[in-house]
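Participant: Once you've had a glance at the structure underneath, I'll fire off some questions.
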Amino acid sequence: MFRKTTTAALLALGLGAPVFAQDAPDLVTVVTSDQPQVQLMSMVLTMQAVEQGQSVHMLLCGAGGDLALADAPDSATAPQPPRDMSPQGLMTALIGRGVTVEVCAIYLPGLGADPSVLIDGVGVAQPPAMAGAMLGDGTMVWSF
């Protein structure tokens with residue numbers, strides 16, 4: 001009984017669907033930290049990867065998901081030294097450079113919100129596709 005219930009729950013969340021690593025990015029950046037400096041450094045390093053020709057997919061979960069909110073916390077939008085950049089501002093620049101940025105599939109339901117609360121250019125990750133991206137041959141995963 002437990003096995004059937006668990007399987008049904010995983011399938012309902014999209015966690016039990018097949019995973020395909022086709023067209024996987026070179027890099028998946030996962031941001032979960034609530035620390036503004038860590039969030040900004042994740043964006044700085046990801047931008048460096050983009051500038052070095054890497055294709056990137058970014059996943060924002062937990063406190064990292066707050067970076068994607070139109071009404072983000074001050075810590076996400078406040079400029080930081082040495083170049084007066086904010087985590088959200090640099091993330092927006094990454095989106096402009098073609099980086100796919102998504103919040104975790106469970107982030108918005110956990111807030112009791114829908115995608116309308118997200119800034120332009122940020123989507124909602126689908127677990128099978130995200131797992132496929134992370135499992136791609138040669139894909140690196142950076143976690144912050």
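Participant: Spelling out what I want: for every residue of the range 74-89, take phi, set θ = phi - 60°, compute 6.51 cos²θ - 1.76 cosθ + 1.60 (Karplus), and round to whole Hz; glycine and proline get x.
Facilitator: Using θ = phi - 60°, the values come out as 4, 4, 7, 10, 6, x, 10, x, x, 10, 6, 9, 10, x, 5, x Hz.
Participant: While we're on this one: Quick one: what are the phi-derived ³J(HN,Hα) couplings along the range 49-59, Karplus 6.51/-1.76/1.60 with θ = phi - 60°, whole Hz, x for glycine and proline?
Facilitator: 5, 4, 5, 9, x, 8, 7, 10, 10, 10, 10
Participant: Between residue 93 and residue 38, what length comes free when the chain is fully extended (0.36 nm per residue of separation minus the Cα-Cα distance, one decimal in nm)?
Facilitator: 18.1 nm
Participant: Can you pull the percent of Cα pairs in the range 27-66 with separation above 17 Å?
Facilitator: Above the 17 Å cut-off, the range 27-66 has 25 percent of its Cα pairs.
Participant: What shape does the range 19-143 have by the C-alpha gyration tensor, where a ≥ b ≥ c are the square roots of the eigenvalues, rounded means a/c under 1.5, and otherwise prolate means a/b greater than b/c and oblate the rest?
Facilitator: oblate
Participant: Next up: Mark the label point 7 Å from the Cα of residue 119 along Cα→Cβ and return the residues of the range 73-94 whose backbone N is within less than 12 Å of it.
Facilitator: So the set is 73-79, 85-94.
Participant: Let me ask something else. Give the separation of the Cα centroids, the range 102-144 to the range 23-84, in Å.
Facilitator: If you average the Cα positions of each part, the centres end up 13 Å apart.
Participant: For every other residue with a beta carbon closer than 15 angstrom to the beta carbon of residue 106, add +1 if it is Lys or Arg and -1 if Asp or Glu, then tell me the sum.
Facilitator: -3
Only the coordinates and a few stated rules stand behind these numbers; no lab work does. On a predicted model such as this, the values are computed, not experimentally measured, just so you know. Note: ideal-geometry Cβ built from the backbone for every residue, glycine included; neighbour counts use all protein chains shown.
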